[in-house]
Amino acid sequence: MLGRVNHIAIAVPDLGAATTTYRDTLGARVSQAQALPEHGVTVVFVELPNTKVELLEPLGPDSPIAAFLEKNPSGGMHHICYEVDDIIAARDQLKAVGARVLGDGNPKTGAHGKPVLFLHPKDFNGTLVELEQV
Ligand code: CO
């Protein structure tokens, strides 16, 4: 079912500071900040040779990462995103074995314009899992 790691997402309290760390301290190529109001985050992409890191900062009062940052004030790994060929087939296969799909169970359009779903961290070793159809 799983393909490549599409990205690893890190929630950060200060996107400017995190971008500086990745660009200047770690010497990585970073994108411009991109506001995604429909997802409640502002994101910077760190482009690596084999995958991406997404730095996520809360945007707006109902940001889905606000509670995470309350528990992890200096930031932390928020989710890992795996690529799948067929997100509906993957969802149905996972639901059939009792895995919990977050939200209404239907894919939403993710940060890269592709359909995504999130899986409950309690079913996957304490890690929030995103599936993205590529
Ligand atoms: Co993601």
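The values are calculated or read from the model by the stated rules, or taken from the named source; none is laboratory data. Everything numeric in this text was worked out from a predicted model, so none of it was measured. FYI the Cβ positions are ideal-geometry reconstructions off the backbone, even for glycines, and counts take in every protein chain you see.
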Number of the condition not met by residue 69 [criteria: (1) buried (at least 17 other Cβ atoms within 10 Å of the Cβ); (2) among the hydrophobic types (A, V, I, L, M, F, W, C); (3) under 24 Å from residue 10 (Cβ atoms); (4) out of contact with any Pro (no Cβ under 7 Å at 6 or more places or on another chain)]: (4)
Residue 64 being within 16 Å of the ligand (Cβ to nearest atom) and in a loop (DSSP other than H, G, I, E, B): yes
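What's the total number of residues in region 81-101 that are within 18 Å of residue 8 (Cβ to Cβ) and either more than 13 Å from the chain's Cα centre (by Cα) or not charged (D, E, K, R) (or both)? So that I can check it myself, show each step before the final result.
Pass one, region 81-101, residues within 18 Å of residue 8 (Cβ to Cβ): 81-84.
Filter once more, so that each one left must be either more than 13 Å from the chain's Cα centre (by Cα) or not charged (D, E, K, R) (or both): 81-82, 84.
The number of residues fulfilling the criteria is 3.
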Failed condition for residue 103, given (1) touching a strand residue (DSSP E or B) at 6+ places or on another chain (Cβ under 8 Å); (2) at pLDDT below 95; (3) surrounded by 12 or more Cβ atoms within 10 Å (Cβ to Cβ): (3)
Members of region 52-65 found to be loosely packed, with under 15 Cβ neighbours inside 10 Å and modelled with pLDDT of 95 or more, listed by number: none
